[in-house]
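Working notes for the structure below.
The values are calculated or read from the model by the stated rules, or taken from the named source; none is laboratory data. These numbers come from a predicted model, not from an experiment. No Cβ is skipped: glycine too gets one built from the backbone with ideal geometry, and neighbour counts run over all protein chains shown. For accessibility, only protein heavy atoms count, side chains too; no ligands or nucleic acids. Shrake-Rupley method; radii C 1.70, N 1.55, O 1.52, S 1.80 Å.
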Amino acid sequence: MDKKTEIKKESKGLPTIAKFGIGCFILLALVGIGLAATGKFLFSRFGANMVKKGIEQKTGVSIDMEKGGEGFVYKDKKTGAEVSIGQGKIPADFPKDFPLYANATLAGNASGMQEGKKGYWLIFTTKDSADAVVSFYEDKLNSSGWSTDETMSLGALTTLKVAKNGLVGTVTITTDDEKKDTTIMVTLAPEDGK
């Protein structure tokens, strides 16, 4: 008679230390996700307030962060000089007759006031070519009554000097080869002595 020998292999599973390590890793990952979500909510506002208080104490410049969540207003208490920095909206008092490229998105803005005079700085991006944007500004600035006394081109950068009603500034147009975007930067400030 043949006897068959059965060999039974028992699976012991993972060693206890491995199970403990995996459990700790999963627990730490869950705690990390929870802290990240909570931290984003709590610490962003808290951190911004700490920075605000630090700047105000060291410089004497007051900062208003309640501008509808769209930016900051910095005001020098001694001189009254004020700078607003924001995104998404063109300042309400920006000259209405200044042509803005229709197919561009506002990427950022700043405006400032000192001694009752206000200046502006706007940045736009568009997927349109720099040549199309330059042509638009060369045509629309003049037809809107803005003088363009000087135009300077250097490689992928074109700057038009503009002026009207005591405001002077530039429109700078350049292309970012990596992103394939065209950037438009508009600066306007009161002419010296006006």
Test: residue in region 120-141 that is under 19 Å from the mean Cα position of the chain (by Cα) and of a type in the set (Asp, Glu)
no
Among the residues in region 128-140, are any open to solvent by 40 Å² or more (accessible area, probe 1.4 Å), among the β-branched types (Val, Ile, Thr) and not in a loop (DSSP other than H, G, I, E, B)?
no
Picking from Lys96, Lys127, Lys89, which residue would you name as being basic (Lys, Arg) and under 17 Å from Thr175 (Cα atoms)?
Lys127
Across region 144-162, what is the number of residues that are in contact (Cβ under 8 Å) with a residue 24 or more places away in the chain and either of a type in the set (Phe, Trp, Tyr) or farther than 17 Å from Thr174 by Cβ (or both)?
3
Which one of the conditions (1) part of a strand (DSSP E or B); (2) under 20 Å from Asp177 (Cβ atoms); (3) open to solvent by 80 Å² or more (accessible area, probe 1.4 Å) does Ile123 fail to meet, given that it meets all the rest?
(3)
Given the conditions (1) modelled with pLDDT of 70 or more; (2) among the polar types (S, T, N, Q); (3) in a loop (DSSP other than H, G, I, E, B), report the number of the one that Thr79 does not fulfil.
(1)
For the condition without any contact (Cβ under 8 Å) to a residue 12 or more places away in the chain, in a loop (DSSP other than H, G, I, E, B) and open to solvent by 50 Å² or more (accessible area, probe 1.4 Å), what is the one hit in Lys89, Lys96?
Lys96
I'd like to know if region 173-188 contains one or more residues that are open to solvent by 80 Å² or more (accessible area, probe 1.4 Å), out of contact with any helix residue (DSSP H, G or I) (no Cβ under 9 Å at 6 or more places or on another chain) and part of a helix (DSSP H, G or I).
no
Can you spot a residue in region 146-153 that is over 24 Å from Glu178 (Cβ atoms), at pLDDT 95 or above and either out of contact with any helix residue (DSSP H, G or I) (no Cβ under 8 Å at 6 or more places or on another chain) or open to solvent by 70 Å² or more (accessible area, probe 1.4 Å) (or both)?
yes
